[in-house]
Amino acid sequence: SALFYKHRPLIQDFFWIVFSSAILGLLPVISNYLAGYLGDGQVASLNYATKLVSTGLMLVGIIINSVLFPHIAEQIVKDSVHGIREGLKLAALSFVVFALLLLPLYFFVEPIVALVFERGRFSAESTVQVAYILKYLLLYIPFYVPCVLLSRLVVSLRISRIFVLGNLISLVLFFLSGAYWIVYLGKGIESLGWALMLVYLVSAVYLLTHIVLYRKRPQ
């Protein structure tokens, strides 16, 4: 019992992180559901494009978790105000860096898809379809990476409970915006890329707002 109360904050943080991650894990389900409205082959093409994006983001996540997250946590332990400032600078820098990196990559999407997937039943036509989707999925990455850094900052500040409401907002926003563009306006698969960009833009604002409010609290 004493051990539980001693580690209660850590246990609560772990619960909030796991629960909120489970909520956000429904995004691919919603993506496939909405892609199903667009005809045969769209779900498969979306999954191929998502695999490439997920692989790249996994490598980014490893760098953040192994290098940047420990640095942010260490700075917060020393001085919370300085640590927050450091984390916010890294988040802003990551947006600029990834926006600049992805700009030239946008023009080489089709050769990359062909190199990775084009063999057997995956035809040149499949390459064009997947590349088209991938171009729009790249739009959300400059917003996604700062969100990851801001999330690590939130974890370091021990306010992980805000993830639950934030991820619920993201889930509802993604479904409503995607459904509006695809079902109501009759737009194509590119709508999912725009919807994801909107989701992570709103997420970044949400996390940033809570971090600033924490910083203004009397210590």
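The values are calculated or read from the model by the stated rules, or taken from the named source; none is laboratory data. Everything numeric here is computed off the predicted structure, so don't read it as measured data. We place every Cβ from the backbone using ideal geometry, glycine too, and count neighbours over all the protein chains shown. SASA here: full protein model, heavy atoms, side chains in, ligands and nucleic acids out. Shrake-Rupley method; radii C 1.70, N 1.55, O 1.52, S 1.80 Å.
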field: Per residue solvent-accessible surface (Å²) - the stretch 27-119, probe of 1.4 Å
entry: 60
message: Under 8 Å for C-alpha pairs, at least 6 residues apart: give me the relative contact order for the stretch 110-199, rounded to a whole percent.
response: 37
- prompt: For the chain, what's the relative contact order in percent, using C-alpha pairs closer than 8 Å and at least 6 residues apart?
  reply: 31
- prompt: Taking every eigenvalue of the Cα gyration tensor of the chain, multiplying by 5 and rooting it, what semi-axes result, largest first, whole Å?
  reply: 35, 19, 16
task: Calculate what fraction, in whole %, of the accessible area of the chain sits on carbon and sulfur atoms when a 1.4 Å probe is rolled over the protein chains.
output: 70
task: At a Cα cut-off below 20 Å, give the aspartates and glutamates reachable from Lys187, other chains included and same-chain residues fewer than 8 away excluded.
output: Asp40
field: Helical segments meeting 15 Å axial Cα length and Kyte-Doolittle 1.0 threshold in the chain (DSSP H)
entry: 8-24, 42-63, 80-105, 141-156, 162-179, 190-216
- prompt: If the cut-off is 20 Å between C-alpha atoms, which lysines fall inside it for Lys216, apart from same-chain ones fewer than 8 positions away?
  reply: Lys78, Lys89
message: How would the stretch 156-219 be classified by its alpha-carbon gyration tensor: rounded, prolate or oblate, with rounded meaning a/c under 1.5 and the a/b versus b/c comparison settling the rest?
response: prolate
- request: Take peptides 28-35, 132-139 and line them up by average Cβ neighbours within 10 Å, highest first, as a rough protection proxy.
  value: 132-139, 28-35
task: Can you check how the C-alpha radius of gyration of the stretch 21-93 compares to 2.2 N^0.38 Å, as a plain ratio?
output: 1.60
